[in-house]
Amino acid sequence: MALPLYLEPRVETRPAALLREERFLRGLVGALGSPLNVVLPDQLADNVARFRAMYRKHQLSGPICFAHKANRSSALMRRLAATDASADVASLGELQHALGSGFTPDRIMATGPKTPEFLWLAARTGVTVHVDNRAELDQLAALIRSYALPRVRILLRLSAFESPGVKVLSRTSRFGTPVRELESALSAVDGHSGAVELIGVGFHLDTTSVGEKALALEGSIRAMDELRERGVSPRVVDIGGGFGVNYLAHHEQWERYTTELTRAVLGRRPPLTWRGHGYGLRDDAGTLRGSLALYPAYRPLAGEQYLDELLSAPAPSLGGRPLSTLLLENLYDLCVEPGRALVDQCGLVLARVLEVRRTEAGEHLVRLEAKADDIGLEDHGVFMDPVLIGHEDTGHGRDGGDDAVGVYLAGGLCLEAGLISRRTVFLPRLPRPGDLLAFVNTAGYVMDFQATGAQRLPVARGVAVWQDGEDGGPWQWSLDEQYWPTLRQEGQA
Ligand SMILES: *Cc1c(COP(=O)(O)O)cnc(C)c1O
C-alpha cells in the first residue's frame, strides 16, 4: 500500500511506561471490561508543579484552578486535593465532588452558568464565585440576604475587551460583562456591598490566540485600576483556561496528514475519510472551500509554555512592559483555570478489538468493544492514532514497514454515527480480535465528556493506576472511586 500517514501521539515517560505493561493492561480490561478509562493521578500532580514553576519564573503567586469539567474522575480530584492546586467547578455536582474530595472552600472557584442550588451551596460553604453577569449578581446577593449567609468573595467575569490603539479582534462572547459596562457593574456591586466582596476580575476566552488573550489580560489590569479608583482593593486577576495540549509527536506527520486530507477532498488522491467526510472542507468544482474544523493537534506552544508566552507579552497601553511585570508590581495574584492542559498525559482509554473485516468497497473495518461516545476524539476534532498494545514498536516505525494498514474504527452501532474514526487511521499491522487499542492522552474531555448509557451498554469503568516508589516499581491500581492519595503510602509501606 501507499506510505502510511501516521499521527503518532506524544507520550511522556509515565504513560509510555504503562503502555509497555501488556499483561497488566490486559488483566485490567479482562476484569473490568472494555472500554476502560485509566487515569494517572501522579501525572496531574506533576503538571500542577510545571505550572507552579512557571509562576515562580515570573515571581507570581495565586491559585492554579483545575477546570473540573475536563474529567469526572474522583481519583484525579483527590490527588489534586493533595497538591497546592484549587478547583474550578461549573455545576452543583462538581462543587459537591470538590468538597468531598478534600478541597476546602478557600480552594474552590465557582464558574460558568449557575442554578440557584449551585449558587446557594457555593455561598453557604464560602467558595469564591466568578460572577458572570448582573442577573447572577442580583440572584447571589438575594440568596445571601434571605439565608443570612456570610459575605461571599466574588470576581467579575469581563468580556469584549477593546484595544486602545491598533484594532485587534476580540471575539464576542455569550459570557461576561462587556468592559465598557464596567462602571454600571461596579455600581451594582456597591449596591450589594453587604452581601459580596469584590476581589478582582477575570475572563475565559476559548481561543488559541496569545494576542487575543494578551489583550484581555491588559484590559483586565486596566479594569483593576478602575476598581482601585473606586476605592475597592482588588487582588486577583483570573485569566481562565485554554492553555492547550500538544497531542502529536511529529510536526511533519501533522502537516503531511492535513495536506493529504486536502488533496483527498479534491479527489487528487485516494480517500482518507469514510464516504467523503471532509471535516469542514469541501470540493467546489475543483476549488477547496470551508476550513478544517479540527483541534490543532500538533501544538508546540501549549500548557505552561503558553502561559509563559502570554505573561511575557507586552502591554502597549501600559507602557509596553510585560504583562507579568504589571501583575507583579501591583502585587496582584494570578489565577489560571486550565482544564485540558492540566490533565495532559493523565489518562487513556483501553478498548478491545472484537472483529476485523473488509467492506464491499475494500476498506478495513475494525470493530471495537466501545461506543463512539466513549472515545470522543472525533467529537473534539483531535486527530491522533491509538496505540496497538503489544506491538513492539509503539512508535509506529516512521516509514511503516510492510504490515502497515489503513483502517476505520467502528463502535457498536451499525450506523455512521457509530464510527470512532471517520478518518483513515494507520496502524503498524492489521489488528486481530482480542487485541487492545489504547487511546492515549484522552483525560481532557475525550474520555468521559460525551459518555452515555445508550443502548444499555455500560458506561466505561474508571481505574486509577500508579507506581510505587520514585523510580518506577510495579504498577498498582484501584477503582477510580476507591482511590485516595493515602493508597500510595500504604503501597510503599
Ligand atoms: C472550560 C473552561 C475552562 C477550561 O478550559 P480548557 O480549554 O480545558 O483549559 C476554564 N474556565 C472556564 C470558565 C471554562 O468554561
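Odds and ends about this structure:
- Average Cα contact separation per residue, the range 262-370, under 8 Å, 6 or more apart, as relative contact order %: 12 percent
- Taking trypsin sites (Lys or Arg not before Pro) across the range 169-254, the ones in a DSSP loop with at most 15 further Cβ atoms lying within 10 angstrom of their Cβ are Arg171, Arg174, Arg230, Arg235.
- By the count of neighbouring beta-carbon atoms within 10 Å, fewest first, Asp308, Asp284, Asp88 end up ordered Asp284, Asp308, Asp88.
- In order along the range 94-107, phi translates into HN-Hα couplings of 5, 5, 4, 5, 5, 4, x, 8, x, 7, 7, x, 5, 10 Hz, rounded to whole numbers, per the Karplus curve 6.51 cos²θ - 1.76 cosθ + 1.60 with θ = phi - 60° and x for Gly and Pro.
- Angle in degrees between helix 41-57 and the longest Cα principal axis of the chain, rounded to the nearest 10: 50 degrees
- In nm, spacing of pseudo-spin labels at Leu288 and Glu226 (7 Å Cα→C-beta vector): 4.2 nm
- Estimated FRET transfer efficiency when R0 is 41 angstrom, pair Arg456-Thr207 (beta carbons, to 0.05): 0.55
- Rounded, prolate or oblate (a/c below 1.5 giving rounded, otherwise prolate when a/b exceeds b/c) for the range 13-145 by Cα gyration tensor: oblate
- Simple Cβ-charge dipole of the chain, Lys/Arg +1 and Asp/Glu -1, about Cα centre, in debye nearest 20: 580 debye
- Put a dot 7 Å past the Cα of Arg20, heading toward its Cβ, do the same for Ala82, and the two dots end up 2.4 nm apart.
- Virtual paramagnetic centre 7 Å along Cα→Cβ of Arg321, amide N under 17 Å, in the range 191-218: 217-218
- Neighbour-count order for Arg124, Arg23, fewest beta carbons within 10 angstrom listed first: Arg23, Arg124
- Around Val407: net Lys/Arg minus Asp/Glu count, Cβ-Cβ under 11 Å: +3
- Beta bridges per DSSP with both ends in the chain, % antiparallel, nearest 5: 50 percent
- Averaging the sequence gap over all C-alpha pairs within less than 8 Å and six or more residues apart, then dividing by the number of residues, gives the chain a relative contact order of 22 percent.
- For the range 189-276, size of Cβ-based charge dipole, Lys and Arg +1, Asp and Glu -1, in debye: 640 debye
- Ranked list, fewest to most other Cβ atoms within 10 Å of each Cβ, for His192, His250: His250, His192
- A straight Cα-to-Cα reach below 14 Å connects Lys114 with the aspartates and glutamates Asp88, Glu94, Asp132, Glu136, Asp138, residues fewer than 8 places away in its own chain not being considered.
- The phi-based Karplus calculation (6.51 cos²θ - 1.76 cosθ + 1.60; θ = phi - 60°) puts the 3J(HN,Hα) values of the range 228-236 at 5, 4, 8, x, 7, 10, x, 9, 10 Hz, whole numbers, x for Gly and Pro.
- Rounded, prolate or oblate (a/c below 1.5 giving rounded, otherwise prolate when a/b exceeds b/c) for the range 254-370 by Cα gyration tensor: oblate
- Dipole of the chain, positive direction: furthest Cα of Leu32, Leu334, Thr424, with charges on the beta-carbon: Thr424
- Maximal additional length on extending the Ala49-Arg151 stretch stands at 33.5 nm, based on 0.36 nm per residue less the C-alpha distance.
- Gained length - Ala361 relative to Ser478, 0.36 nm times residue gap less alpha-carbon distance: 37.7 nm
- Measuring between alpha carbons in the structure, the pairs from Lys57/Lys371; Lys69/Lys371; Lys213/Lys371 lying more than 32 angstrom apart are Lys57/Lys371; Lys213/Lys371.
- Inter-label distance, Gln59 to Asp402: 6.4 nm, where each label sits 7 Å from its Cα along the C-beta direction.
- Using a cutoff of 8 angstrom between alpha carbon atoms and counting only pairs six or more residues apart, the relative contact order for the range 98-207 works out to 25 percent.
Only the coordinates and a few stated rules stand behind these numbers; no lab work does. Treat the numbers as computed from the prediction; the structure is a model and nothing was measured. With ideal geometry, Cβ positions are generated from the backbone for all residues, glycine too; neighbour counts draw on all protein chains shown.
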